[in-house]
Amino acid sequence: MATSAKTTPPCRWLSLAHWRLMLAPARLDIVEAMRSLGPSSIKEVAAAVGRPATSLYPHFKLLMRIGVVVEEAPRRLAKHVERVFRLAADDFVPDFNGEDRKAVNKAALVTARGIFNSAQHAFRRAAKAQVLQAGGGTLNHGLVHELLWLSPGEFAEVLQKLREIKALSSHRKNPHDRQMHLLVASVVPLAREKSKAPPGMQPRRTSRRPTVDPAKFVQSSRKAKDL
């Protein structure tokens, strides 16, 4: 995670409102890049995420306001002084304390949307730059989509694998002989929708028989006899 001369807390809880603000694609890219770069300037972060530095200033301002990014002592260069920033914690998690199930599910959906939007943006940039490679042992990207039947124990194993991958990334910070990659992984239970009858097999509508007043039925029967 981000390194700094100052002690960086391992985790910081964010309110759901601040959590949603952090999940905007540009801000999520900033946070992930700073995890790899450590204390860095906006120019360095811009180079890592492939965005113009001028477009990142308002995002840094907001990230500082919600407590995700903090400013360190400036870096003195030959001709100017450069502002330096770092993450306020090694990791960030949403605070669900006191939230009902609806709020928790909505936050999970917002989280997934933000993360996958970031992945889509990364693929779009890579494809535009024509850096995606495949075949001949040059494959440099991957996608996996699987439907799994998991017991609670097997789900715990999958979750542990995801934690191991995250832990592995913590030891690969700012290497000069490697290329930065974006890894997105998810596992989610599938909710079964109510099955609908196929066309042509709709349940028959039962027509309700009109109720008949016995007294009127007797009177009508007598009239019929009189005729």
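The values are calculated or read from the model by the stated rules, or taken from the named source; none is laboratory data. Please read all numbers here as calculations on a predicted model, not as lab measurements. So basically every Cβ, Gly included, is an ideal-geometry build from the backbone, and we count neighbours across all protein chains shown.
Restricting to the range 37-62, and then to whatever is surrounded by fewer than 19 Cβ atoms within 10 Å (Cβ to Cβ) and touching a residue at least 60 places away in the same chain (Cβ under 8 Å), can you tell me which residue is farthest from the chain's Cα centre (by Cα)? Here the residue is GLY38. Any residue in the range 63-81 that is over 24 Å from the mean Cα position of the chain (by Cα), acidic (Asp, Glu), assigned to a loop (DSSP other than H, G, I, E, B) and surrounded by 13 or more Cβ atoms within 10 Å (Cβ to Cβ)? The answer is yes, given that some residue of the range 63-81 is over 24 Å from the mean Cα position of the chain (by Cα), acidic (Asp, Glu), assigned to a loop (DSSP other than H, G, I, E, B) and surrounded by 13 or more Cβ atoms within 10 Å (Cβ to Cβ).
For every residue, the table says whether it meets (1) of a type in the set (S, T, N, Q); (2) under 24 Å from GLU44 (Cα atoms); (3) modelled with pLDDT of 75 or more.
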{"position": "GLY135", "(1), (2), (3)": "no, no, yes"}
{"position": "VAL144", "(1), (2), (3)": "no, no, yes"}
{"position": "ARG163", "(1), (2), (3)": "no, no, yes"}
{"position": "LEU168", "(1), (2), (3)": "no, yes, no"}
{"position": "ARG172", "(1), (2), (3)": "no, yes, no"}
{"position": "ASP177", "(1), (2), (3)": "no, yes, no"}
{"position": "ALA185", "(1), (2), (3)": "no, no, yes"}
{"position": "LYS196", "(1), (2), (3)": "no, no, no"}
{"position": "MET201", "(1), (2), (3)": "no, no, no"}
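Within the range 72-107, the set of residues being aromatic (Phe, Trp, Tyr) and modelled with pLDDT of 90 or more comprises just one member, PHE85. If you go through the range 98-128 and pick out every residue that is free of Cβ contacts under 8 Å to residues at least 24 places away in the same chain and of a type outside the set (Phe, Trp, Tyr), you end up with 14.
Quick one: LEU14 ticks every box in (1) out of contact with any Asp or Glu (no Cβ under 7 Å at 6 or more places or on another chain); (2) crowded, with 16+ Cβ neighbours inside 10 Å; (3) farther than 27 Å from ARG125 by Cα; (4) not small (Gly, Ala, Ser) bar one, so which box is it? Just one mismatch for LEU14, condition (1). Only residues that are part of a loop (DSSP other than H, G, I, E, B) and either over 26 Å from GLN133 (Cα atoms) or at pLDDT below 80 (or both) were counted across the range 146-161, and they come to 5.
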